[in-house]
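Following: one structure in structure tokens, then a few remarks.
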Amino acid sequence: MLAAMPAEPVTAEALAVQEALGQESNTGGSRSVAIVIDDFGNGMPGTEEMLNLPVKITVAVMPFMPSTREDAEHAHEQGHDVIVHMPMEPNKGLKKWLGPGAITIDLSDEEVRKRVEEAIDNVPHAVGMNNHMGSKITANERIMRVVLTVCKERGLFFLDSRTTHLSVVPKIAEEVGIPVLMNNVFLDDVYTEQHISKQVSVLRKHLETHDSAVTIGHVGPPGRKTASVLKQSIPGIQDIATFVKLSDMVQQSMGDPFILPNP
């Protein structure tokens, strides 16, 4: 089994952006929250616990990994969304953390296109994509234009994990004409239950003033801790919001069920 690949460290600027994202809520309007769990595909700790949470989640699966297809199929069978967790070069970090087929700054447009298409083909049932690490790539207009164009051609939306405050994803997504969502809260950038619980409180606070929220957690080193905190927290969050999959959130915002599943 390959070693665990850590999530990219979250900058203070990126965390600040998370709080600013989202639309102001309408008085009395229903709120929705989507849980996205990254780093499936490598048989990581917390995999089963996350898939068995009592609400539908969005499962971000890394391509070309030992359990990529198994995890994607299992998630789909249980009614969860599946998205491609696309490895992308960070500003800091080791290339070995990226995994195979990663998007790096030195690639030509043709090679970027090839790698994105192959990644989508490798993850069954994918309806969207988000970035694994990627602070360098999501700030690069040339490369993100290729990535988002391929996603549009294949009927996928894109979730910007917001690993950098310099992300060009919203700008390029508008140019290309593809639905894009933004991460609001990282749950487990620190691997302790105390921190994860604190981040759940941040999520609840966000939902007090916004109609929707996207929160990202991980399987792997924090996997079982994050799953445990989420399982305990879900009933309380349901008092103020409805849990949805990312594809539901996209359709609600677009008013058009255009998402095309990747067979």
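Throughout, read-outs are computed from the coordinates displayed, never taken from laboratory work. The shown structure was predicted, so the numbers you read here are calculated from the model rather than taken from an experiment. Here Cβ is always computed from backbone atoms with ideal geometry, including for glycine, and neighbour counts include all displayed protein chains.
Quote the FRET efficiency, to the nearest 0.05, computed for Gln78 versus Glu175 with a Förster distance R0 of 30 Å and r equal to the Cβ-Cβ distance. Step by step, r from the Cβ atoms, then E = 0.25. Dividing the mean sequence gap of close Cα pairs (under 8 Å, 6+ apart) by how many residues the chain holds gives a relative contact order of 29 percent. Per residue of the chain, the DSSP helices (runs of n ≥ 4 H) give a summed -39500 (n - 2.57) that works out to -11500 deg cm²/dmol at 222 nm. With the charge dipole of the chain set up from +1 on Lys and Arg Cβ and -1 on Asp and Glu Cβ about the Cα centre, the Cα lying farthest toward the positive end among the listed residues Ala227, Val55, Ala102 is that of Ala227. Here the Karplus curve 6.51 cos²θ - 1.76 cosθ + 1.60, taken at θ = phi - 60°, turns the phi angles of the range 216-222 into couplings of 10, x, 9, 7, x, x, x Hz, with x standing for Gly and Pro. Looking at this model, which pairs from Lys171/Lys245; Lys96/Lys205; Lys225/Lys245 are more than 27 angstrom apart at the alpha-carbon? Check vs 27 Å cut-off fails for Lys96/Lys205. If you average the C-alpha positions of the range 83-109 and of the range 199-214 separately, how far apart do those two centres end up, in angstrom? Cα centres, the range 83-109 to the range 199-214: 30 Å. Averaged over residues, the count of other Cβ atoms within 10 Å places the peptides 238-249, 220-231 in the sequence 220-231, 238-249, highest first.
Under the simplified labelling scheme, the Thr209-Lys92 pair shows an inter-label distance of 2.9 nm, with each label point 7 Å from Cα along Cα→Cβ.
Once both labels are positioned 7 Å from their Cα atoms along Cα-to-Cβ, the gap between Gln232 and Asn52 label points is 1.8 nm. With both labels modelled 7 Å from their Cα along Cα-to-Cβ, the Lys114 to His195 distance reads 3.9 nm. Counted over the chain, the DSSP beta bridges are approximately 5% antiparallel.
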